[in-house]
Amino acid sequence: MISYRHHVVSLVAVFLALAVGVVLGGGPLSELGRAATTDSARTRAQTQDTKAAAAFGDDFASAAARTLYGDRLQGHAVSIVSMPGADGDVVSGIAAQVQAAGGSVAGTYEARPALVNASEKSLVDTLGSQLMTQLDDGVVGTDASTYDRIGQLIGLSLSGDKISLDQAASIRQSLAGAQLMTSPAQASRTALVLVVLGHKDTDDAILSGLLSGLATTTTGVVVAGDAASGTDGALHGLRAEPVADEVATVDSADSAVGQVTTVLALARSLKVQGGSFGASGSDGAVPLG
């Protein structure tokens, strides 16, 4: 038999459960729950707005690109050098924009890890010294540092205006043989060089040396990186180096807006060197001059 006491205990338990439910459902805790839900909804809405704005910017850039370019690269070829870890989609995206601006891609070259690995400096130095002796005096600076010298040699192999086509081809073959840089089967002379940075950080001194050498032997050099590289990556460090006066830099190249900006920077570099552009650029978002 269930005693009266058991009935009382059961009823108390039921009322306690109901009371707790009322407190949770209608008291301060429920307000906290509703506030958390509201904040979550607001965050989702803000994220959606940000994505929509970014998508609009990319759509606008893609639609307006040809008008902005005005065939400013007509008759000009661009050599693309992708650094270790560079995104292939970014490289192909910029290549397509070069063609939309009336230009052409003279060749796409892939820098191998050994080229920018400090532990391989001896290899880079030895090869650079050997290649320099095969050229006329004064073509490559005798007082150039290891990476400045190899940068000059790479630039000469791409532009070729100070050396013969055979000498340019020989340099490219030597770089490929040492596994420092791959080259396309067919390549033409070019005055402009685009360097696409990878997601892997490169020593600032090594990158600066390479770019300084490239800038010495070509008409214009543009360095493009993703959005992150412009805030705390390789591009951010590069912009603090003296070589930033010799080469143009563009961040956010992983977006359509950034790729259009990169091509505008290439067109600008035919007459004006240097400049910092993009979302984190100190000279403005887009080089329109």
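The values are calculated or read from the model by the stated rules, or taken from the named source; none is laboratory data. Since we're looking at a predicted model, the values are computed, not measured. Every residue, glycine as well, gets a Cβ built from its backbone with ideal geometry; the counts of neighbours run over all protein chains shown.
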Q: Kindly provide the set of residues from segment 183-217 that are at pLDDT below 95, outside any helix (DSSP H, G or I) and either within 16 Å of Ala248 (Cα to Cα) or among the β-branched types (Val, Ile, Thr) (or both), ordered by number.
A: Thr190, Ala191, Thr202
Q: Could you please find all residues in segment 136-168 being aliphatic (A, V, I, L, M) and surrounded by 15 or more Cβ atoms within 10 Å (Cβ to Cβ)?
A: Val139, Val140, Ala144, Ile150, Leu153, Ile154, Leu156, Leu158, Ile163, Ala168
Q) Could you say which residue among Leu235, Leu288 is of a type in the set (A, V, I, L, M, F, W, C) and outside the structural domain of Arg112 (by TED's automatic domain parsing)? A) Leu288
**Q.** Checking Ser252 against (1) part of a helix (DSSP H, G or I); (2) under 25 Å from Gly102 (Cβ atoms); (3) within 13 Å of the chain's Cα centre (by Cα), the condition it does not meet
**A.** (1)
Q: Provide a single number: the residues in segment 93-108 that are closer than 11 Å to Val263 by Cα and within 19 Å of the chain's Cα centre (by Cα).
A: 6
Q: For segment 243-272, enumerate the residues that are closer than 19 Å to Gln74 by Cα and not charged (D, E, K, R).
A: Gln259, Val260, Thr261, Thr262, Val263, Leu264, Ala265, Leu266, Ala267, Ser269, Leu270, Val272
Q) Which of the residues spanning segment 164-190 are farther than 19 Å from Gln134 by Cβ and within 21 Å of the chain's Cα centre (by Cα)? A) Thr182
Q: Please specify each residue of segment 62-98 satisfying the condition of being within 26 Å of Val116 (Cα to Cα) and surrounded by fewer than 17 Cβ atoms within 10 Å (Cβ to Cβ).
A: Gly85, Asp87, Gly88, Asp89, Ser92
Q: Could you list all residues from segment 228-243 that are small (Gly, Ala, Ser) and farther than 22 Å from Asp148 by Cα?
A: Ala228, Ser229, Gly230
Q | helices (runs of 4 or more DSSP H) lying entirely in segment 57-173 (those with 2 or more residues that are modelled with pLDDT under 95, in contact with a Ser or Thr (Cβ under 6 Å, 6 or more places away or on another chain) and on the phi < 0 side of the Ramachandran plot) | A | 146-159
Q: Check off (1) at pLDDT below 95; (2) β-branched (Val, Ile, Thr); (3) in a helix (DSSP H, G or I) for Val286 and give me the number that stays unchecked.
A: (3)
